[in-house]
Ligand code: 4NP
């Protein structure tokens, strides 16, 4: 059986999507689903290509037990639309940027927002914490943990 592949997307791939990748990997590890689910993350922009995650993302996530290891890479429409089963964006701008790269409208049913999977419906987006403070990184992680939990349930109940 091939793995279900999840790609998390944000603007820079140094704050939110690397955190989502790390949180999802924690859940995958806890449930021993490493041979069923693979995740990765990418950016809608190329500005931080090759950069490790923001140190604030790394430290806030690690305090909660999530190991952040990714290096920023841009989303590659030629490869990523076909490769991944769930392309999970953090905010409305990421969502519409990814939609716009789907030139022939072939992959719309793979493109999601992480908040779609949250149990707490208070948040309509995962807000960009880059110019924010420590509390913003904590809020981001709260939303991401909720969304990743819901996404994992969705994958476990899907036929993929
Ligand atoms: P991310 O956050 O999209 O969650 O990785 C950002 C990182 C960098 C910038 C903006 C948002 N920036 O403007 O450089």
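A few comments on the model shown:
- Hits in the range 62-76 (condition: under 20 Å from residue 11 (Cβ atoms) and not in a loop (DSSP other than H, G, I, E, B)): 71, 74
Rundown of residues vs (1) in contact with a strand residue (DSSP E or B) (Cβ under 9 Å, 6 or more places away or on another chain); (2) closer than 19 Å to residue 38 by Cα, yes/no style:
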| site | (1), (2) |
| --- | --- |
| 66 | no, yes |
| 73 | yes, yes |
| 85 | yes, yes |
| 95 | yes, no |
| 108 | no, no |
| 116 | yes, no |
| 121 | no, no |
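- Any hit, the range 28-43, residues being farther than 24 Å from residue 158 by Cα, within 15 Å of the chain's Cα centre (by Cα) and assigned to a loop (DSSP other than H, G, I, E, B): no
- Per the listing 137, 112, the residue uniquely at pLDDT 95 or above and part of a strand (DSSP E or B) is 112.
- Search result, residues across the range 1-40 that are out of contact with any helix residue (DSSP H, G or I) (no Cβ under 8 Å at 6 or more places or on another chain) and either within 16 Å of the ligand (Cβ to nearest atom) or closer than 12 Å to residue 70 by Cα (or both): 12, 13, 17, 21, 25
- Residue within the range 127-134 that is within 15 Å of residue 61 (Cβ to Cβ), modelled with pLDDT of 95 or more, away from the ligand (no atom under 14 Å from the Cβ) and more than 13 Å from the chain's Cα centre (by Cα) present: yes
- Qualifying residue in the range 48-59 (condition: part of a strand (DSSP E or B), at pLDDT 95 or above, under 22 Å from residue 91 (Cα atoms) and in contact with a helix residue (DSSP H, G or I) (Cβ under 8 Å, 6 or more places away or on another chain)): yes
- Verdict on residue 46 being surrounded by fewer than 17 Cβ atoms within 10 Å (Cβ to Cβ) and either without any contact (Cβ under 8 Å) to a residue 12 or more places away in the chain or within 15 Å of the ligand (Cβ to nearest atom) (or both): yes
- Some residue of the range 118-125 being surrounded by fewer than 20 Cβ atoms within 10 Å (Cβ to Cβ) and part of a helix (DSSP H, G or I): no
- Residue in the range 148-159 that is in contact (Cβ under 8 Å) with a residue 60 or more places away in the chain and either part of a loop (DSSP other than H, G, I, E, B) or within 14 Å of the ligand (Cβ to nearest atom) (or both) present: yes
- Any hit, the range 81-92, residues being more than 14 Å from the ligand (Cβ to nearest atom) and surrounded by fewer than 16 Cβ atoms within 10 Å (Cβ to Cβ): yes
The values are calculated or read from the model by the stated rules, or taken from the named source; none is laboratory data. All of these numbers come straight from a predicted model, not from anything done at the bench. Here the Cβ is made from the backbone with ideal geometry for all residues, glycine too, and neighbour counts use every protein chain on show.
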